[in-house]
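One structure is given below, encoded as structure tokens.
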Amino acid sequence: MWKYVKALEYPINIKKKDIRMAKALITQYGGSNGELAASLRYLNQRYTMPDEKGKALLTDIGTEEFLRLCYQSKGNKIISILKFSFK
Amino acid sequence: MMNNFLNQFYPYSIDNNYPNNYYQNMMKNTSNLNTSENEVFNGFMKGNYFDSLYDPYKNYQPIEPTISTERESLLEELQAYNFVITDLNLYLDVNPNDTTAINLFNNYTNSYKKLTKMFEEKYGPLTIESGNKTNTWQWIQTPWPWEVQK
């Protein structure tokens, strides 16, 4: 189950526009080795985990990866950088 | 029967959760946990609550986030506790019998709950189940995290 918290994981303060940085971040966000792919890998691999610790750990790490999307730590950065860039 | 079947593909003992206490040995040096509340913010800044597991990158020093409003400072404190809870969560997954860590975890979750309550009374709900305290729907009035505050 997913619960949304209306806060970031870590405070962010964007000071300048940087479209190259935004480009790099967006691959880390949704690219083939980005947070989205990683979280889904963890959350699917946990079903075949034979021990209790492994099940719990993969659930928590998968959630943690997902947080980066949900809390928008990275998404927030990209959106803010892009917003600044096109202003 | 099931164990024997699985052992063909997975050579480790299932009862003992990985061979030779793999995780425990990996994290053995974390037995002396930080117990002071100052360590919450410290760990939050570094992204690692466990000093003994922190390898700094060259001369990198964490940059302190710029906090200008009261809302931001309260939120930062909340985020710090949230981080420490998550880090202890992962630690406890592999060290489930560490009572010091469990006590710390309980302390921090209590502080987090108190802070959340404080924050929500002032600045509106953080989660939808926190409830609505005014006659208007607060969820659509309070700012979203991606909106640049000025």
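Please treat every number below as a calculation from the coordinates, not as lab data. Quick caveat: nothing in here was measured; it's all calculated off a predicted structure. A quick note on method: Cβ atoms are made from the backbone with ideal geometry, for glycine too, and the neighbour counts reach across all protein chains shown.
Quick one: order B:Ser68, A:Ser32 by neighbouring beta-carbon count within 10 Å, fewest to most.
Numbers: B:Ser68 10, A:Ser32 7.
With the sparsest Cβ surroundings first, the list reads A:Ser32, B:Ser68.
More than 18 Å apart: what percent of Cα pairs in the stretch B:29-150 qualify? Mind showing how you got there, number by number?
On the way: 4412 of 7381 pairs.
Every Cα pair in the stretch B:29-150 considered, those over 18 Å come to 60 percent.
Among B:Val94, B:Val40, which comes first, then next, by fewest other beta-carbon atoms within 10 Å? Don't jump to the answer; show the numbers that get you there.
On the way: B:Val94 19, B:Val40 22.
Neighbour counts put them in this order, fewest first: B:Val94, B:Val40.
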Restraint check, A:Lys16/B:Lys113; A:Lys17/B:Lys114; A:Lys3/B:Lys122; A:Lys23/B:Lys114, Cα-Cα greater than 28 Å:
A:Lys16/B:Lys113; A:Lys17/B:Lys114; A:Lys23/B:Lys114
